[in-house]
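Reading through the structure tokens given below for one structure.
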Amino acid sequence: MKLSSLIRFSLFGISTILFHRKKAILGTIIVTDQCNLSCKHCSVNNLTGVIHPYRQIKSEMELLYQQGIRILFFCGGETFLWKDGDKNIRDLVIEARSMGFLIVNVVTNGTFKIDLPEADLILLSLDGDKEKHNFIRDDTYDTIMGNIDSATSDNICLYMAINQINKNMIESVCKVAKKKEKIRAVSFNFHTPYPDTEDLELSSLEKEKCCKEIERMMKEGYPIFNLKSAFSHLINNTFPTPCYQCVVMENGKQSICGRCVDVPGLCEKCGYFFAAEYALIFKGNIYVILEMLKTYLRYI
Ligand SMILES: C[S@@+](CC[C@H](N)C(=O)[O-])C[C@H]1O[C@@H](n2cnc3c(N)ncnc32)[C@H](O)[C@@H]1O
Ligand code: SF4
Ligand code: SF4
């Protein structure tokens, strides 16, 4: 991350904390909910199947930029399915950068060839060793590994959603992150139990065990893009929700924090690490702030 961006984020953080502001800094645009997979834990794929047009996404980017958002995520559905005429997801990333967003990340299932050097991070979902991953995400493990190896840049960060199926797979995913040169780090989330996937939810005790495992891997030098100072809040769901510094835009509708904000009772069971980390940072939790500065400088 550039020093100028860091200073800008720090000033934003200080004014948010001092004046209890609710302005957002992180925005996510859902480019489509269409997906080539139908993962066991996912409730947001193929609900409409619509790929949103370029003009609409561009105006959503402009709106978010005007609101002061400077960290942009593109998400789906599967982001690499996004197309409009001769434009693809890479063009959206390039456009976002030229518009002035300071960090631009893309979330993908990794089943398509990866040529996205302009993104700061490509968050690529990997949900365990080959057996568990394939159980959750169809038979995609080998394709994904091939696509990581042939990626044209080293800006990949693995993204694992920990649930009842893969809760013992943390070490396995950390090892892949360390071994492969195109991968910078791994970032974890806990399963957020939408009504149709409640059986995959982890108990507080199970989350605590996972956090201990992640901490152990951190101590052993594995590259992990999470903040351990937020773990106790994630285990017990004691962070403030929703996080007002994050917004999501899907088909012209803007929601605070995540599109999940409308699901009754879900925020109290939220497993998204970003929601906890950002909410705690902007509440002024000094431990999370210091760890965030260190971690972001290391991996972005
Ligand atoms: C919805 S997917 C969209 C991007 C892309 N298709 C992918 O799989 O990475 C974004 C991330 O959300 C995760 N995810 C999906 N449902 C979840 C849930 N209920 N709780 C936590 N993470 C979830 C996925 O595993 C993935 O890492
Ligand atoms: S690949 Fe992503 S969007 Fe598609 S079903 Fe899996 S988690 Fe959901
Ligand atoms: S806090 Fe609520 S809206 Fe935000 S990510 Fe978690 S469940 Fe979604």
Estimated distance in nm for a label pair at GLU220 and GLN67, the labels positioned 7 Å out from Cα along Cα-to-Cβ: 4.1 nm
When the charge dipole of the chain is computed with +1 on Lys and Arg Cβ and -1 on Asp and Glu Cβ about the Cα centre, the Cα farthest towards its positive end, among LEU3, LEU205, GLY258, belongs to LEU3
Would you please state the base-10 log of I(q)/I(0) at q = 0.08 1/Å for the chain, with intensities from the Debye formula using one equal scatterer on every alpha carbon? -0.31
With a point put 7 Å past each Cα toward its Cβ, work out how far TYR296 is from GLU171 in nm, to one decimal. 3.3 nm
Would you calculate the separation in nanometres between label points at ARG97 and ASP142, each defined as 7 Å from the Cα along the Cα-to-beta-carbon direction? 3.4 nm
Taking the dipole of the stretch 210-300 about the Cα centre (Lys, Arg +1; Asp, Glu -1; charges at Cβ), the one of LEU290, PHE274, THR241 that reaches farthest to the positive side is LEU290
Run the numbers for SER232 and GLU198: contour at 0.36 nm per residue of separation, minus the present Cα-Cα distance, in nm. 10.1 nm
Once phi is turned into ³J(HN,Hα) by the Karplus curve 6.51 cos²θ - 1.76 cosθ + 1.60 with θ = phi - 60°, what whole-Hz value does each residue of the stretch 240-249 show in order, with x for glycine and proline? x, 10, x, 8, 6, 8, 10, 9, 10, 10
Calculated [θ] (222 nm, deg cm²/dmol) that DSSP helices of n ≥ 4 give over the chain, each run adding -39,500 (n - 2.57): -11500 deg cm²/dmol
Measure out, as a whole number of angstrom, how far apart the alpha-carbon centroids of the stretch 241-300 and the stretch 181-240 sit. 14 Å
Normalised alpha carbon radius of gyration of the stretch 80-147 [divisor 2.2 N^0.38 Å]: 1.26
Can you tell me the length gained on complete extension of the stretch LEU37 to LYS253, counting 0.36 nm per residue apart and subtracting the Cα distance? 75.3 nm
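We did not get these values from a lab; they are worked out from the coordinates using the rules stated. Just so it is clear, the model here is predicted, and its values are computed rather than measured. FYI the Cβ positions are ideal-geometry reconstructions off the backbone, even for glycines, and counts take in every protein chain you see.
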